[in-house]
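First up is the structure itself, then whatever we jot down about it.
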Amino acid sequence: GMWAQLRLEEAGGGLRAPGDSVTLHCRGHGIRSLGGVWWYRQTGGGSLQWVSVISSDSSVILFGQSVEGRATASRDNSRTVTSLSLRAL
């Protein structure tokens with residue numbers, strides 16, 4: 001049989017000015033469910049810093065200390081998409 005092409009598509013990234021807000025989206029293609037989704041950001045030094053996690057059914061949503069109170073996470077499982085919004089960058 002043929003293997004489906006599995007891929008993740010990110011949208012909404014790019015440079016922002018201090019104080020701006022941003023909403024990032026991650027969509028899965030070729031899969032029925034994304035499962036739990038972890039968000040990370042890359043620091044200026046190149047290391048990865050955990051930002052957020054949202055469970056497959058949205059029952060668990062956690063944020064890292066650096067964005068706590070300025071972030072929201074959501075998902076639409078019918079479209080296999082999850083979103084992360086950050087305020088006051």
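Observations, loosely collected:
- Failed criterion for Thr23 (all others in (1) touching a Lys or Arg at 6+ places or on another chain (Cβ under 8 Å); (2) touching a residue at least 12 places away in the same chain (Cβ under 8 Å) hold): (1)
- The residues of region 3-46 that are hydrophobic (A, V, I, L, M, F, W, C) and either in a loop (DSSP other than H, G, I, E, B) or touching a Phe, Trp or Tyr at 6+ places or on another chain (Cβ under 9 Å) (or both), listed by number, are Trp3, Ala4, Leu6, Leu15, Ala17, Leu24, Cys26, Ile31, Leu34, Trp38, Trp39.
- Pairs, first at pLDDT 95 or above in region 58-71, second assigned to a loop (DSSP other than H, G, I, E, B), C-beta under 6 Å, six or more apart: Arg70/Arg87; Arg70/Ala88
- Scan region 1-23 for residues that are aliphatic (A, V, I, L, M) and closer than 14 Å to Thr80 by Cα and the total you get is 3.
- Every residue from region 47-88 that is outside any strand (DSSP E or B) and either closer than 19 Å to Glu10 by Cα or of a type in the set (D, E, K, R) (or both): Ser55, Ser56, Asp57, Glu68, Arg70, Asn77, Ser78, Arg79, Thr80, Arg87
- Of all the listed residues (Leu15, Leu62), the sole one being surrounded by fewer than 13 Cβ atoms within 10 Å (Cβ to Cβ), over 11 Å from the mean Cα position of the chain (by Cα) and aliphatic (A, V, I, L, M) is Leu15.
The values are calculated or read from the model by the stated rules, or taken from the named source; none is laboratory data. None of these values were measured; they are calculated from a predicted model. Every residue, glycine as well, gets a Cβ built from its backbone with ideal geometry; the counts of neighbours run over all protein chains shown.
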